[in-house]
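Contents: one structure, followed by commentary.
Rule-based calculations on the coordinates, nothing more; no lab input. Owing to the predicted nature of the structure, the values given are computational and were not obtained by experimental measurement. Positions of Cβ are generated from backbone atoms using ideal geometry, with glycine treated the same way; all protein chains shown enter the neighbour counts.
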Amino acid sequence: MPEQSALLDIVQFFNRLGVYDVILPFLLVFTLMFAILEKTKVLGTENGITKKNLNAMVAFVVGFFVIASARLVEIISTVSSQVVVLLLLAVLFLMLVGSFMKEGEGSALDTPWNVIFMVIMFVGIIFIFLNAIKNDSGKTWLQIFWDWLGLYWRSSAVASLIFVVFVVIFIYWITKSPGGGHKEHSTEKQEKH
């Protein structure tokens, strides 16, 4: 059996110490509350300078109120971890989009193929994300979605949803301007001169 690493022991020690349940949520709430009070200047200013001592005291008290409630700490931990996952997915999506761009290109939406590939990558990231989240019974959200779709794909609600999506795509395709609107705008400027 492999030996447990020292870093894992440190993380588990921090967990037993309450770093993740008390200290980090307190620091997060304190920092955000202090920043909001400094930015909004709710407690007033003296000679154009915010009252940092009052802002710090209010942020300190609010931080302690939050960590006194185990439910609030659980909500903060859950939300912050999911926001980090969403941010990671956004960065991964931007990396995938960047792989279809050439150096010096201004926009990734220059050709229809780039748009198609970006949509495929976005849908793929959504599927990966749904497949990573499991409910209490151990099924992933992607499995739940496919099971639901398998049960109701013949229903009028799903058919209506698919029809609306196709209508929106068709209307967009019909109404878009042939050059993205840039050529017409530049020719109007040339005619004025």
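Phi angles across the range 77-84 convert, under the Karplus curve 6.51 cos²θ - 1.76 cosθ + 1.60 with θ = phi - 60°, into 3J(HN,Hα) values of 5, 5, 5, 5, 5, 6, 5, 5 Hz, Gly and Pro given as x. Computed over the range 13-76, the percent of Cα pairs more than 16 Å apart is 48. The phi torsions of the range 41-49, fed into the Karplus equation with coefficients 6.51, -1.76 and 1.60 and a -60° offset, translate into couplings of 6, 5, 8, x, 9, 10, 6, x, 10 Hz, rounded to whole numbers, with Gly and Pro shown as x. Label positions at I120 and F163, each projected 7 Å from the Cα along the C-beta direction, are separated by 3.0 nm.
Fully extending the segment from V19 to I128 would add 36.2 nm, taking 0.36 nm per residue of separation and subtracting the current Cα-Cα distance.
Extension gain, A70-L88: 0.36 nm per intervening residue step, less the Cα-Cα distance, totals 3.8 nm.
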